[in-house]
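Beneath this line is the structure, given in structure tokens, with notes to follow.
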Amino acid sequence: MPKLDYEKVIKQKWKENAKAVPKLIEREDKDILRQVKTYCDRFDEPSADVKNKILNDSLFANCFAKDPVRQTSHEKIAFEYLQKSKEVLNKFCKLPQSGQEAVYLTNDGIFQKYSQTGKRIGKALDFYWENGENVFYASHKYTKESGGAQDHQFNEQAELLRKFKENNKNNEFLFIICDGRYYTKDKVEFLNALTSKRSFVAGIEQVISKVLSMGVSKNL
């Protein structure tokens with residue numbers, strides 16, 4: 001599969017959102033008018049002047065573009081990327097991160113919904129798909145920089161691999177999808193050391209090739 005550049009996707013969405021700003025002003029969109037009011041209150045500028053500036057100055061209009069990270073997520077970008085390979089990832093779907101249908105991995109390696117456990121058990125799984133009689137669950141993280149929160153996410157990924165070692169269902173598989181500069185060679189090697197015969201650590205571009213290398217079917 002082609003390379004997925006998360007930051008390029010986000011940048012393109014920034015441009016699309018910026019291009020839409022003048023049209024939102026013309027439609028008197030409530031959100032954009034709220035931003036204009038905030039700007040006017042902050043700098044004591046007349047609303048009519050600010051609106052006119054937005055309509056005639058694209059650089060100024062860019063300042064009012066919606067943040068695409070609030071509209072989407074790296075998980076959604078990853079989902080849209082993998083969704084293109086439904087002939088391999090049958091019944092591919094994004095799992096909810098909360099609520100009754102969220103799926104967790106128990107300490108004894110069993111995939112269970114919140115409705116079955118009645119509690120959150122670590123990190124909820126992100127993706128699900130099938131191939132033949134095999135079922136796959138995946139946890140996805142895109143991380144650029146190091147830090148406390150990022151280290152916590154890394155530990156969550158490691159914990160999922162440790163738990164899955166207790167799984168004894170031969171048709172169940174776990175993918176830990178790690179993307180971004182944070183996942184250095186040493187960190188990936190650390191996670192790989194925790195894998196079993198049915199769990200894998202991979203960048204998103206490697207997922208399809210790994211699934212196919214297992215000898216699973218490709219539905220054309």
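Values in this text are rule-based calculations from the coordinates and carry no lab data. Given the structure is predicted, the values throughout are model-derived calculations rather than measurements. Cβ placement follows ideal geometry from the backbone for every residue including glycine, while neighbour counts extend to all protein chains displayed.
Scan region 114-220 for GluC sites (Glu not before Pro) in coil per DSSP, keeping those whose Cβ has at most 13 other Cβ atoms within 10 Å, and list them by number.
133, 145, 166
Largest first, the three principal axis extents of the alpha carbons in region 73-213 are 35, 34, 29 Å in whole numbers. Evaluating 6.51 cos²θ - 1.76 cosθ + 1.60 at θ = phi - 60° for every residue in region 84-90, the Karplus couplings come out as 5, 10, 5, 5, 9, 9, 5 Hz, glycine and proline recorded as x.
Our helix-only sum for the chain, with -39,500 (n - 2.57) per DSSP H run of n ≥ 4 divided by its residues, gives a mean residue ellipticity at 222 nm of -13000 deg cm²/dmol. Bridging of residue 210 to aspartates and glutamates at a Cα separation below 19 Å is possible for 80, 87, 126, 130, 133, 172, 179, 189, once same-chain residues fewer than 8 apart are set aside. Relative to the current alpha-carbon distance between residue 93 and residue 196, full extension at 0.36 nm per residue lengthens the span by 34.7 nm. Here is the list for region 1-55: GluC sites (Glu not before Pro) lying in DSSP coil, each with at most 15 other C-beta atoms within 10 angstrom of its C-beta, are 28. Computed from Cα atoms, the angle from the helix 148-164 axis to the main principal axis of the chain rounds to 30 degrees. Within the straight-line cut-off of under 14 Å between alpha carbons, the aspartates and glutamates reachable from residue 165 are 108, sequence neighbours fewer than 8 places apart in one chain being disregarded.
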